[in-house]
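What follows is a single structure, written as structure tokens, with notes after it.
The values are calculated or read from the model by the stated rules, or taken from the named source; none is laboratory data. In this text, all values refer to a predicted model and were calculated from it rather than measured experimentally. Don't worry about glycine lacking a Cβ; one is built from the backbone with ideal geometry, like all the others, and counts go over all protein chains shown. The accessibility values were calculated without ligands, DNA or RNA, using every heavy atom of the protein model including side chains. Shrake-Rupley method; radii C 1.70, N 1.55, O 1.52, S 1.80 Å.
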Amino acid sequence: MTSDGDFEIFLVSVPGLESALCGEAKACGFGNPKAVPGGVSLRGRWPDVWRANLELRGASRIFARIESFRVTHLAQLDKRARRVAWRTVLRPDVAFRVEASCKGSRIYHSGAAAQRIETAIREELGAPLAPEADVCIKVRIESDLCTLAVDTSGEPLHKRGHKEAVNKAPMRETLASLFLRQCGYDGREPVVDPMCGSGTFVIEAAEIAAGLKPGRSRHFAFEQLATFDAAAWKKMRAAGDAVHSDLRFYGSDRDAGAIRMSRENAARAGVAEMTTFETHTISDLVAPDGPRGLVIANPPYGDRIGDKARLHALYRALGQTLLTRFAGWRVGLITSDASLAKATGLPFAKPGAPVSHGGLRVTLYVTPPLI
Ligand SMILES: C[S@@+](CC[C@H](N)C(=O)[O-])C[C@H]1O[C@@H](n2cnc3c(N)ncnc32)[C@H](O)[C@@H]1O
């Protein structure tokens with residue numbers, strides 16, 4: 001931390017989407033964010049940490065980096081850890097836990113490194129150690145440089161607190177919001193997801209249009225830190241009215257159970273009025289009346305041998321439906337297999353790098369407005 005109280009805030013990103021997250025941080029008014037491998041780095045104070053947790057849709061977690069120092073052996077780590085001003089960040093009455101990682105360093109045993117930090121906090125601050133604690137200190141030792149950070153989010157940020165019902169292979173809200181952003185979606189056009197599963201894209205898109213903050217309904221680990229100011233947080237959370245939007249957001253799926261979940265999730269998120277969910281297959285999909293916008297979908301990828309021919313037919317049918325009925329709409333398609341994207345026959349631009357999703361590498365393919 002510097003004398004004027006600012007410190008490094010690290011926005012953890014899905015690897016591969018650091019630039020998209022950096023763009024969001026800029027648009028959200030965070031000063032001078034920089035995309036680096038694994039996330040976005042910026043400087044700020046504790047209210048910036050709260051606001052990042054509350055407002056950023058694409059960050060997986062928010063870390064507050066509180067110290068960094070060079071270290072080459074465990075006795076030195078022990079000594080240095082005892083000099084950290086833990087009391088200014090952690091509370092003696094709140095349980096904590098420590099997670100450590102070591103890379104290319106003389107200290108290579110992450111368990112031993114974690115244990116040194118745990119002991120320092122227990123003995124210097126008196127806080128209890130608990131394996132299931134919400135407050136987690138992240139220790140990273142890389143090339144003999146030790147960085148100490150607090151995970152200020154607690155539960156990962158894709159857990160907005162509205163999605164209780166999930167279908168097969170749901171998309172994380174954080175990933176969905178970054179894909180929407182990469183499709184150029186800014187809350188000012190309708191969105192259609194013809195294979196919506198539990199409704200993630202449709203609900204995210206509607207929330208963005210309505211100006212609803214993604215963290216409005218949940219708790220965060222920072223509420224249990226010594227730096228927390230409950231009155232200032234309450235004010236921050238209440239600030240900025242939701243905006244009225246006449247736009248509508250449409251999800252459909254052939255699975256009636258998925259549609260029931262989508263409706264329940266949309267109601268819990270407070271966007272039931274703006275969303276329409278219907279049970280039908282893609283062959284019955286028609287463009288809604290009104291302004292044109294974005295169609296976004298992550299169709300099944302298929303992981304069994306023998307799925308391929310059936311999936312090619314499904315992607316071909318999706319492409320045909322969109323090409324014949326969605327003139328003027330842009331399309332974003334997420335899939336793990338370039339040949340499936342090609343089978344749609346849609347005019348995709350050159351895609352970006354693949355990103356991890358559910359143990360697979362998936363790629364977003366985007367078209368210009370269809371002719
Ligand atoms: C990978 S999941 C989508 C997950 C969704 N994005 C979410 O976040 O929950 C693919 C969805 O496509 C649906 N689907 C498969 N074939 C379909 C078809 N022919 N017509 C409509 N939906 C279909 C499945 O029921 C499934 O819900």
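Restricting attention to the range 326-371, report how many residues are outside any strand (DSSP E or B), aromatic (Phe, Trp, Tyr) and under 20 Å from Leu178 (Cα atoms).
Of the residues in that region, 2 qualify.
Could you look through the range 173-202, keep only residues that are within 14 Å of the chain's Cα centre (by Cα) and more than 18 Å from Ser19 (Cα to Cα), and pick out the one that is surrounded by the most Cβ atoms within 10 Å (Cβ to Cβ)?
Pass one, the range 173-202, residues within 14 Å of the chain's Cα centre (by Cα): 173-182, 200-201.
From the residues that got through so far, the ones that are more than 18 Å from Ser19 (Cα to Cα) too are 200-201.
On the way: Thr200: 27, Phe201: 30.
Applying the filter and picking the extreme gives Phe201.
Would you mind stating whether Ala242 is under 24 Å from the mean Cα position of the chain (by Cα), modelled with pLDDT of 95 or more and under 19 Å from Arg188 (Cα atoms)? So that I can check it myself, show each step before the final result.
Details: under 24 Å from the mean Cα position of the chain (by Cα): yes; modelled with pLDDT of 95 or more: no; under 19 Å from Arg188 (Cα atoms): yes.
No.
Looking at the range 299-315, is at least one residue within 11 Å of the ligand (Cβ to nearest atom), open to solvent by less than 10 Å² (accessible area, probe 1.4 Å) and touching a Lys or Arg at 6+ places or on another chain (Cβ under 9 Å)?
Checked against the condition, which is being within 11 Å of the ligand (Cβ to nearest atom), open to solvent by less than 10 Å² (accessible area, probe 1.4 Å) and touching a Lys or Arg at 6+ places or on another chain (Cβ under 9 Å), the range 299-315 yields at least one hit.
Can you tell me how many residues in the range 145-203 are in a strand (DSSP E or B), of a type outside the set (Ser, Thr, Tyr) and under 30 Å from Phe228 (Cα atoms)?
6
Return the only residue of Phe30, Phe96, Phe69 being aromatic (Phe, Trp, Tyr) and under 21 Å from Arg160 (Cβ atoms).
Working: Phe96 fails: under 21 Å from Arg160 (Cβ atoms); Phe69 fails: under 21 Å from Arg160 (Cβ atoms).
It is Phe30.
Considering (1) open to solvent by 40 Å² or more (accessible area, probe 1.4 Å); (2) touching a residue at least 24 places away in the same chain (Cβ under 8 Å); (3) of a type in the set (S, T, N, Q), say which one Gln115 fails and leave the rest.
(2)
Can you name every residue in the range 243-287 that is away from the ligand (no atom under 13 Å from the Cβ), surrounded by 14 or more Cβ atoms within 10 Å (Cβ to Cβ) and part of a loop (DSSP other than H, G, I, E, B)?
Residues satisfying the conditions are Ser245, Leu247, Arg248, Gly270, Val271, Ala287.
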